[in-house]
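A.B. asks: Okay, handing you the structure first.
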Amino acid sequence: MLTVRTHAPNGLVSIGTKSVAVAVAVQHDGVMPIIPDTKNWTWVLEKPCAECGFDASVLSERDVAALIRSNAGLWPAVLTRPDATARPDDSTWSALEYAAHVRDVFRIFEVRLHLMLDQDNPLFANWDQDEIAVAERYNEQDPAVVSAELGAAAAVLADTLDSVPDDSWTRRGRRGDGAEFTIASLARYLAHDPVHHLWDVRAG
Ligand SMILES: [Zn+2]
């Protein structure tokens, strides 16, 4: 049996029966099961990532918008590779799967930012990235479409970050696993994800 272990650093901790049920269900369909990533990646706020080298602790939240725009500009070349849909091994996502994930990261954090701007200390809806990767069939999506969508999502998110009023960076929000963020820490936290995944596809 083939198994896939994803390396997605923005993950919610979600090891409940729902994810397990999905993994079992897809085996019967002949699709490679995804093992949910149970790491809590919030440590990236405190120290450099030992894999990609990114250090969010020295990053200003006000620089995240520019970082996102720069990062998004590197994905189109990745997605035109002839092997964009190939998994390097049984435990690693393809470049297309990473790109589709990064697109969805940009989208989900856009939603979370607006929640934090509009509500007091909102609780974010759960987002199981591994379950979504299977359900949305990331590796069957059109690389050209994913490329355009990633760029558009990055632009929207960067514009939202640029529009955060000076006195709003301390507004708060919470994840379902108990992790707490301000808009500033959420911005620095999300910055690692696209950087790490460019490293995953060796384009960063
Ligand atoms: Zn990293």
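Any read-out appearing in this document is the output of simple, stated calculations on the displayed coordinates, not a laboratory observation. From a predicted model like this one, the values you see are computed outputs, not experimental measurements. Neighbour counts run over all protein chains shown; Cβ positions are idealised from the backbone, glycine included.
A.B. asks: Starting with the fewest neighbours, write out VAL105, VAL164 ranked by other beta-carbon atoms found within 10 Å of each beta-carbon.
C.D. replies: Numbers: VAL105 24, VAL164 20.
Sorted ascending by nearby Cβ count, the order is VAL164, VAL105.
A.B. asks: Right, next: For ARG172, which sequence-distant residues (separation of 5 or more, or a different chain) have an amide H within less than 5 Å of its own amide H, given hydrogens modelled in the peptide plane?
C.D. replies: ASN121
A.B. asks: Which distance in nm do the two modelled labels at VAL58 and GLU46 give, with both placed 7 Å along the Cα-to-Cβ direction?
C.D. replies: For VAL58 paired with GLU46, the spin-label model returns 2.0 nm.
A.B. asks: Moving on to the next point. Any idea how far the Cα center of the range 74-150 sits from the one of the range 172-204, in Å?
C.D. replies: If we compute the Cα centre of each part, the gap is 13 Å.
A.B. asks: Run the numbers on the range 91-195 and let me know its relative contact order in percent, using alpha-carbon pairs under 8 Å that are six or more apart.
C.D. replies: Numbers: 96 pairs, mean separation 41.7, N = 105.
Across the range 91-195, relative contact order equals 40 percent.
A.B. asks: Which FRET efficiency value, to the nearest 0.05, do you get for SER168 and ASP142 by plugging their Cβ-Cβ distance into 1/(1 + (r/R0)^6) with R0 = 41 Å? Mind showing how you got there, number by number?
C.D. replies: Details: r = 37 Å, r/R0 = 0.90.
With a Förster radius of 41 Å, E is 0.65.
A.B. asks: Could you tell me which trypsin sites (Lys or Arg not before Pro) in the range 117-204 are loop residues by DSSP with no more than 15 other beta carbons within 10 angstrom of their beta carbon? Don't skip to the answer; put the middle values down first.
C.D. replies: Values: sites: ARG137, ARG171, ARG172, ARG174, ARG175, ARG188, ARG202; in loops: ARG137, ARG171, ARG175, ARG202.
Sparse-neighbourhood loop trypsin sites (Lys or Arg not before Pro): ARG137, ARG202.
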